[in-house]
1. Would you call VAL164 at pLDDT 75 or above, in contact with a helix residue (DSSP H, G or I) (Cβ under 7 Å, 6 or more places away or on another chain), part of a helix (DSSP H, G or I) and under 30 Å from PRO297 (Cβ atoms)?
2. Take VAL82 and decide whether it is surrounded by 15 or more Cβ atoms within 10 Å (Cβ to Cβ) and free of Cβ contacts under 8 Å to residues at least 60 places away in the same chain.
3. Identify, please: which residue in segment 292-317 is surrounded by fewer than 21 Cβ atoms within 10 Å (Cβ to Cβ) and among the aromatic types (Phe, Trp, Tyr) and is, among those, nearest to SER371 (Cα to Cα)?
4. Might you check whether a residue that is surrounded by fewer than 22 Cβ atoms within 10 Å (Cβ to Cβ), free of Cβ contacts under 8 Å to residues at least 40 places away in the same chain and closer than 20 Å to LEU401 by Cα occurs anywhere in segment 282-290?
5. In the set SER398, SER392, which member is small (Gly, Ala, Ser), free of Cβ contacts under 8 Å to residues at least 12 places away in the same chain and in contact with a helix residue (DSSP H, G or I) (Cβ under 8 Å, 6 or more places away or on another chain)?
6. Being of a type outside the set (A, V, I, L, M), modelled with pLDDT under 80 and surrounded by 14 or more Cβ atoms within 10 Å (Cβ to Cβ) is true for just one of GLU120, GLU109. Which residue is that?
7. Looking only at segment 380-410, which residues are modelled with pLDDT under 85 and of a type in the set (Gly, Ala, Ser)?
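The values are calculated or read from the model by the stated rules, or taken from the named source; none is laboratory data. All values derive from a computational prediction rather than experimental measurement. Don't worry about glycine lacking a Cβ; one is built from the backbone with ideal geometry, like all the others, and counts go over all protein chains shown.
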Amino acid sequence: MTKIIALIYKDILLLVRDRAGMLFLFAMPLVLVLVMTGIQYGAVENASRKSFSLLLLNGDDGEVGKALSDGLGSQDMFVVTVADSSLTAASVQSKVREGSYLIGVCIPEHTTEALLDGIECGLGKMVGLDLFPGCDTIPPIELFFDPTVNASFRAAALSCLREVSSRIEREMLLAAIAESVSNYYPDAAYRVSRPDIQTLRINEVTFSKDLFKTNINVTEHNVPAWTLFAIFFIIISLSGGMIKERNDGSFSRLLAMSCSYSEYLLGKTVVYEAVCLLQFLLVVLMGRLVFPLVGLPAFTMHGAFALCLATVFFCALAAIGIGLLLGTLASTHQQSSVLGAVIVVVLSAIGGIWVPTFLMPHLFEVVSVVSPLNWGIDAFYDVMLRGKGLSSIIPNLSALLGLAIVCTAVSVLRTPFVAPRLYPRRRKRALTFSVFRRNFSDDL
């Protein structure tokens, strides 16, 4: 036990005296979470508040033209400019093409008359009365989009326009039905008036631990996601420190003083596990205290805090295992830093840290299950967003623990070229604090 405490003390001194490394381990997660959350929150808020400049050419003097004009004007996403009657559809198209407006809408002349004729024609065919054998085609409403409007905004604008037009068509159809019934049954007209006819309604519910909370903000997604990203970035610091100790001779002296390689790895595991837990706590505190000061939603822990700490603990074990393996196998600091950065970036990209897995192509969505960051973020979502308990995250935690055990076991089996057998004639001394200070005071 004394040897383990001495090794932990050594690694703590190495971390504390490496100011650049401390900055990397603790400042980087805070800055990363703050910046990424701010960028994504700004993008989401701007998208929801985005107003499209819309040029409306209303050539219809009837009910449809007026209803469409009023409906578009009542939508927050449009800033409607009514075109002068002297303009044509070609003029509206030209103004949109040159960038003066993002959207152009042209309502053809006599649209109301054409829609009413179409409704009467359809009702006649429904009851077997072919009163209008030559029904005219209703002229289409033309839409023009500026090329800078992306696909998601086009879909939102089209959805809004279709909603307005569908409401107008439904009201006109119900009015036509009520009028037709009134002609045959005057006394029953009140029973088919438009207010008495029920239509479908949609009630939106997003499930979470608190069923009354329906909106999960970007803070609650980004804090666990980018905390995991920062936790796995200790791979670079851990593996680089191991290689540095091998190169400056510290590792050789440790093994010469009856310190096994397993004990050496255990000391680093304890220290870096504490570092990862401290990273998580700092990020959570910043989400609660700092985010509201800069205009971001405060981070709220919906799940059990103990389960979140358990998730961080097992994620840190997996990251430490990978770092120990990389520090054992790599021969130079350049190899460990490059490979560590590539491993973390690739695993986070396919693991759903940058982009949710459901937005990925099917192949990448399948591949994402091999990423330990995906196991970690799924466990966080189960606890924080879905309100599940320990039993639901045991598979993910078991996978993280299994990865840590495999990587650490391979590290122990692949002990570097410096080993105790190189010092067979030298008397091994117990690694105590006094021995440690005498042998490593110059290095530290």
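1. Taking the combined requirement at face value, the residue does not satisfy it.
2. Numbers: surrounded by 15 or more Cβ atoms within 10 Å (Cβ to Cβ): no; free of Cβ contacts under 8 Å to residues at least 60 places away in the same chain: yes.
Answer is no for this residue.
3. By that ranking, first place goes to PHE313.
4. no
5. Criteria check complete, one pass: SER392.
6. Exactly one of GLU120, GLU109 is of a type outside the set (A, V, I, L, M), modelled with pLDDT under 80 and surrounded by 14 or more Cβ atoms within 10 Å (Cβ to Cβ), namely GLU120.
7. Within segment 380-410, GLY387, GLY389 meet the criteria.
To keep it simple, each residue is scored yes or no on (1) touching a Leu at 6+ places or on another chain (Cβ under 9 Å); (2) in a loop (DSSP other than H, G, I, E, B).
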{"position": "THR37", "(1), (2)": "yes, no"}
{"position": "LEU68", "(1), (2)": "yes, no"}
{"position": "LEU72", "(1), (2)": "yes, no"}
{"position": "SER85", "(1), (2)": "yes, yes"}
{"position": "ALA114", "(1), (2)": "no, no"}
